[in-house]
Amino acid sequence: MDDRAPNVATTTAILRRLAMPVYVPVVAGNLGLTMLVPVLPLYLTDSGLSLRLASIVLATLGLGASFGGLPTGALMGRFGERKVLIGAIAIFASATATLGTTTVALVLAALRLTSGAANGAIRLSRQTYITRRIDVGVRGRAMAMIGGSMRISLFIGPLIGGILVDLVGYTATFAIAGVLTATGMLPPLLVPDHIPLLAGREPKRRIGILRAISTHRRLLAKVGIIPMLVMTVREGRLVVIPLIGDDLGLSSSAVGAVVTVGTAADLMLFPVAGWVMDRFGRLAAMIPAFGLIACGLVALGMANGTPLVVAAGAIIGIGNGLCSGTMLTLGSDVAPPEAPGQFLAGLATMQEGGRVAGPLLVGAMGAAYGLGAAAYALALVLVVAIVWLVLIVGETGRQRVDIVG
């Protein structure tokens, strides 16, 4: 596939052109989200909500992302991804800023449900934007940069949020997070978009989301298994790593250090993931990355002390960094030209199902057989994903002839 890879200067120019329409809105949206990672749970408990109610409020974010996928696809088919982006950022910013004005659990849950749907719409609109404009030979790097943007936000957002709460309190912190999110509207509102559509990516007629999904249901089912399984593992590991650390008697700071080591490794490697995808193919990035995560999970299940837990966390972080943007790229590669946004919305809905399945799998396996077995079960899920990817999906990093099969 070497002949498909553009030179470094061309790639750099393309990624630079994507900075304003894609990466700035993604970073702004995710900063508003990740700032609340340490803030919102404390706000909920300090407001007198029980742990059960607080957990329900926190869980509604994922539900919103899952429920919002198909409506987002329908809206993009009708109004285009630019208008959907602007609307989603406005809704997300408003919902975030309003959080500090109430302590009513039902209202807080509704706001987080709205935030989840809007944040998912931001990501989906930018994935569709790249799909329709960026050639397959550069797409891996373009999508990996979205993954990297999310990781950067996750790395610095919680720190900013924690500092702000100490300085200005909860209400002002929520308001600042909303304002930061709203800055993501500036590029699509003020900066002209000069990136043309790829040939064949301008739909000849408007296609409804139900018709698009029905037409391409076989392809959706075949490909959608992968992001669903991968998200199951990504969410499950965020639960099982702290629980195993606690079960082994590690302090909270030690558990935090394990997560930080994995996050740092993850953050440093996302450019490598994009380069490998474009240079050697999607499978060359995904299979080793998934294999590393699976090995890290097996090591985690065998851990009997701090050193092995830290090593396992680092291996998992390296693997996760090496597959940065792979799910976005996979969906982009196979999306039908006449209805990319609608198809990607269907994939996103399937992927968000994994967000729910991961913690449930860890809880069920951990309760029945122990936390080590839960780590092994997550590793097995990735093995299934690798086998499905190789035998059923195959390499997608080239222009496809048949997009329906």
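The values are calculated or read from the model by the stated rules, or taken from the named source; none is laboratory data. Every value quoted in this text rests on a predicted model; they were computed, and no experiment measured them. Neighbour counts run over all protein chains shown; Cβ positions are idealised from the backbone, glycine included.
Before moving on, here are some points about what is shown:
Let's see how each residue does on (1) at pLDDT 85 or above; (2) under 21 Å from the mean Cα position of the chain (by Cα); (3) over 20 Å from ALA345 (Cα atoms):
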site	(1), (2), (3)
TYR129	yes, yes, no
GLY137	no, no, yes
LEU159	no, yes, yes
LEU197	no, no, no
ILE209	no, no, no
ALA221	yes, yes, no
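- Residue match in the range 309-320 (condition: in contact (Cβ under 8 Å) with a residue 12 or more places away in the chain, surrounded by fewer than 19 Cβ atoms within 10 Å (Cβ to Cβ), over 30 Å from LEU63 (Cβ atoms) and over 21 Å from the mean Cα position of the chain (by Cα)): yes
- Checked against the criteria, ALA284 does not count as part of a helix (DSSP H, G or I), without any contact (Cβ under 8 Å) to a residue 12 or more places away in the chain, within 26 Å of MET76 (Cβ to Cβ) and within 21 Å of the chain's Cα centre (by Cα).
- Qualifying residue in the range 151-161 (condition: β-branched (Val, Ile, Thr) and touching a helix residue (DSSP H, G or I) at 6+ places or on another chain (Cβ under 6 Å)): no
- Qualifying residue in the range 178-195 (condition: touching a Lys or Arg at 6+ places or on another chain (Cβ under 9 Å) and at pLDDT below 75): yes
- Residues that are among the basic types (Lys, Arg) number at least 1 in the following helices (runs of 4 or more DSSP H) confined to the range 310-405: 340-369.
- Complete set of residues in the range 328-360 that are crowded, with 24+ Cβ neighbours inside 10 Å, among the hydrophobic types (A, V, I, L, M, F, W, C) and closer than 16 Å to ALA65 by Cβ: LEU328, LEU344, ALA345, LEU347, ALA348
- Count of residues meeting criterion [surrounded by fewer than 24 Cβ atoms within 10 Å (Cβ to Cβ), among the small types (Gly, Ala, Ser) and more than 18 Å from ALA172 (Cβ to Cβ)] in the range 82-100: 2
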